[in-house]
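Please read the structure below before turning to the comments.
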Amino acid sequence: MEKNKIRVLIIAGVMALLAAVLMFLYLQQEKAKIESDKPVMPAAEEVSILQATKDISRGQIVEKNAVVFKKIPVNFIQPGAISNLDAAVGKIALVDILSGEQITTTKLANPATSLTASSSASTLSMMTPPGKRAITISIEPLMAVGGMVRPGDYVDVLANFPLPQEVGGKQTVQLVTVTLFQNVLILAVGTQIRGPTSRGAKQDTTVSPEQNTITVALSPQEAELISFAQEQGKLRLILRPPLDTQTQALPPATAEALWQHILSTQGLQMQMSTEESQPVSVEKKPSSSVEVYRGGKR
């Protein structure tokens with residue numbers, strides 16, 4: 001009886017193992033059938049397009065070392081992507097282009113070779129450095145270095161205006177000259193704007209000295225201050241050398257500061273000449289005398 005039970009258990013185990021093997025073979029056949037029926041996808045086509053190797057700021061000229069060719073699958077290429085080096089190098093960036101970003105035709109523009117009043121506004125925005133604002137001030141040619149400033153020059157801006165103050169309990173007005181801003185870029189003189197050249201490069205722009213409007217690049221806060229200063233007094237520009245970028249803190253110029261400067265440079269000499277012109281006085285000693293009295297009489 002016991003032998004029969006063992007025989008039945010052995011047969012059941014063999015049948016279960018056989019069923020598992022058959023199921024595994026069946027699943028393998030179905031998997032192979034599904035994979036054979038799956039369509040074969042062709043390899044994606046790749047095209048070489050230009051990408052930025054570094055950040056390119058808006059208004060900056062695209063240089064050869066700022067772009068590189070890279071193969072990109074067709075499905076990931078942006079519309080208008082540039083695949084020709086000449087189509088990008090030498091162009092002006094209309095927007096900020098980040099490193100690794102594809103160069104497209106919508107992000108670039110040709111440099112302006114001749115500008116008119118109708119096109120100067122849009123081109124001027126491309127010439128304005130990032131973080132700056134273009135603001136136009138009205139200034140006489142004599143106050144702008146005799147009308148000899150040119151687009152692309154760097155200047156310091158001086159302001160002359162009356163400063164109310166209280167002296168001895170009374171309100172008075174004192175004329176003050178201050179250096180508002182230093183190392184300021186001139187974007188335009190009249191309607192003529194600077195070309196896309198680096199600082200110190202030769203400018204081909206010719207400007208009529210009769211132009212009395214100057215457009216400069218300032219920060220938003222500086223633009224507010226120069227607008228207020230122009231309403232209060234007069235502005236003057238002083239020209240800087242092309243390679244001089246240093247700035248320094250300067251005290252306001254007042255009448256007192258002017259006289260202090262004069263006395264510091266000429267005061268000692270003036271004092272010496274005054275002393276020399278005065279006659280030398282000799283102190284006279286009082287003469288001595290003796291009075292004699294006799295019998296109450298002198």
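Among the candidates 115, 124, 85, single out the residue that is surrounded by 12 or more Cβ atoms within 10 Å (Cβ to Cβ), hydrophobic (A, V, I, L, M, F, W, C), at pLDDT below 85 and not assigned by TED's automatic domain parsing to the domain that holds residue 220.
That would be 115, the only listed residue that is surrounded by 12 or more Cβ atoms within 10 Å (Cβ to Cβ), hydrophobic (A, V, I, L, M, F, W, C), at pLDDT below 85 and not assigned by TED's automatic domain parsing to the domain that holds residue 220.
Could you say whether any residue in segment 36-51 is more than 60 Å from the chain's Cα centre (by Cα) and at pLDDT below 80?
yes
Checking residue 6 against (1) part of a helix (DSSP H, G or I); (2) at pLDDT 80 or above; (3) not polar (S, T, N, Q), which test does it fail?
(2)
Quick grid of which residues meet (1) more than 30 Å from residue 255 (Cα to Cα); (2) more than 17 Å from the chain's Cα centre (by Cα); (3) surrounded by 13 or more Cβ atoms within 10 Å (Cβ to Cβ); (4) modelled with pLDDT under 85:
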site: 94; (1), (2), (3), (4): yes, no, yes, yes
site: 106; (1), (2), (3), (4): yes, yes, no, no
site: 134; (1), (2), (3), (4): yes, no, yes, no
site: 138; (1), (2), (3), (4): no, yes, no, no
site: 143; (1), (2), (3), (4): no, yes, yes, yes
site: 160; (1), (2), (3), (4): no, yes, yes, no
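Would you say residue 223 is modelled with pLDDT of 85 or more, outside any helix (DSSP H, G or I) and among the small types (Gly, Ala, Ser)?
no
So which of 243, 185 ends up being within 26 Å of residue 61 (Cα to Cα) and either over 22 Å from the mean Cα position of the chain (by Cα) or at pLDDT below 80 (or both)?
243
Condition first: at pLDDT 55 or above and hydroxyl-bearing (Ser, Thr, Tyr). Can you find one or more residues in segment 266-287 that meet it?
No, the conditions are met nowhere in segment 266-287.
Looking at segment 161-182, which of the residues that are touching a residue at least 12 places away in the same chain (Cβ under 8 Å) and of a type in the set (Val, Ile, Thr) is farthest from residue 243 (Cα to Cα)?
It comes out as 176.
Please count how many residues of segment 226-240 are hydrophobic (A, V, I, L, M, F, W, C) and either in contact with a helix residue (DSSP H, G or I) (Cβ under 8 Å, 6 or more places away or on another chain) or modelled with pLDDT under 80 (or both).
Adding up the residues that qualify gives 4.
The values are calculated or read from the model by the stated rules, or taken from the named source; none is laboratory data. As the structure is a prediction and not an experimental result, all values here were calculated from the model. We place every Cβ from the backbone using ideal geometry, glycine too, and count neighbours over all the protein chains shown.
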